[in-house]
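Each value in this text was obtained by applying a stated rule to the coordinates, not by laboratory testing. Values in this document were obtained by computation on a predicted structure and should not be read as measured data. We place every Cβ from the backbone using ideal geometry, glycine too, and count neighbours over all the protein chains shown.
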Amino acid sequence: MKKWGFLLLLLCLTFLYIKPFLESKEEMQHYELYKNDKVVDRKISGNLQKKEITEEQIYQGNLLLVNGEYPAHPKSIKSDIINLSTHNELIKGYGLLESEMYLSEDIARRFSEMTTAAEKEGVRNFCITSGFRDFEEQSVLYQEMGSAYALPAGYSEHNLGLSLDVGSTQMKMVDAPEGKWIEENAWKYGFILRYPKDKTTITGIQYEPWHIRYVGLPHSVIMEGKKFSLEEYLDFLKEQKSISTTMHGEKYEISYYPVTKDTTIHVPSNLRWEISGNNMDGVIVTVFPISTHANLKEVGMAE
Ligand SMILES: [Zn+2]
C-alpha cells in the first residue's frame, strides 16, 4: 500500500513537472487533441438515416489514395476545376507560374486562405507551379520528362485536382521560408505534404517539399498528430473501423466501410457528414460537430 502511495506521488510530481512543457510547446497541441482518440463501436451520434453507397463512390472524394498501385479513376476528377488566372478573387496571397493553371475551385479557395495566413506571418512569396493536369497532359509530361520527373497518366495526384506544386519566387522550395512554413503549418488548413522526407519507402516517391495535397479537416490534423502518410492513415482507418477525435472541444467521428454491391450505411440525419472513397475498396464517412462554422457555412447539412 505504502509503495503504491509513493508511486502515485511520484507520478503526480512528474506530471506537475512536465505539464508546463506540454503547454508551452505549440507542437504539443495536436498531441493534446489526439490523445483523446478512441475506438468507438461504430456508433454514430444522433438520429440515423440509411444511405446507399454505390461502387462509384469508392472513387470520389478528398481522401482518395492515388499512387503506383491505385490509379485515378476518370470519375475521380474534381467537378469544379477552373482556370485560376480567370479568377482574380482566388489568387490572393500567391502567384502563378503560367497563365493557364487549373485547380479545383474549392481547393484554390482553401489554398488562398492558407497563404493569406502565411502572409500575416511575413511569408509571402508563394507561387503555384503546377495544378490540375488532365490525363493527356500527364501523358505528354511523362513522355517528355521521363519517369524520374513525372508519373504515367492516371497515376499522379495532379490528375485529381486535389494536389498542387507550390514554389517560392525567391529560391528553391527546400531552402525557402515558404517551404518551411508549408511543412510546419499546412496541416492546420486541411493540406498535407504528400511526399515527406521520412516516408519515401511508403509513398515510393522522393522527398517533394513542393507537392501538397488537400485531404480536409480533421484528417490533416490527425495525420500530423500521428505522423502518418496518406497510405498509413487510410490503413489505420481500415484497421480501426471507427475513430473519434476531439478538436477545439468538438467531436468528429470518422468511420471506414468496405463497399460491395448494395452497401447501405447509417449516417446521422441531424449532423453534417461527408463521404469520400479511398480509391481502393471502401468509403470513409466523416461526421462533423454541429457548430463547425467553416463546414456549415460552405456545405450545408448534407451532401
Ligand atoms: Zn506535384
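Here the extension length gained between T169 and K75 equals 30.4 nm, from 0.36 nm per residue of separation less the Cα-Cα distance.
Of the trypsin sites (Lys or Arg not before Pro) found in region 178-277, those that fall in a DSSP loop while having at most 11 other beta-carbon atoms within 10 Å are K227, K261.
For the pair region 59-83 / region 116-177, the C-alpha centres are spaced 16 Å from each other. Measuring max minus min along each principal axis, the C-alpha atoms of region 66-186 give extents of 38, 29, 25 Å (largest first). For region 231-252, the residues whose backbone nitrogen is under 18 Å from a point 7 Å from the Cα of D281, taken along Cα to Cβ, are 231-242. Taking a Cβ cut-off of under 15 Å around N67, the surrounding Lys, Arg, Asp and Glu residues balance to a net charge of -4, with basic ones at +1 and acidic ones at -1. Taking all pairs of different Cα atoms in region 51-292, averaging 1/r and flipping that mean, what Kirkwood radius in angstroms comes out? Hydrodynamic radius (Kirkwood, Cα pairs) of region 51-292 is 18.5 Å.
Using 1/(1 + (r/R0)^6) with R0 = 25 angstrom and r between the beta carbons of E121 and N88, what's the FRET efficiency to the nearest 0.05? Rounded to the nearest 0.05, the efficiency is 0.60. Here the gap between I202 and E55, fully extended at 0.36 nm per residue and compared with their Cα-Cα distance, gives a gain of 50.3 nm. Think of region 51-292 as a dipole: +1 on every Lys or Arg Cβ, -1 on every Asp or Glu Cβ, centred on the Cα centre; then among S104, S276, S255, S255 lies furthest on the positive end. As a calculated quantity, the FRET efficiency between N47 and E250 at R0 = 25 Å, using C-beta atoms, amounts to about 0.85. For region 51-292, the dipole from Cβ point charges (+1 on Lys and Arg, -1 on Asp and Glu) about the Cα centre works out to 600 debye, to the nearest 20.
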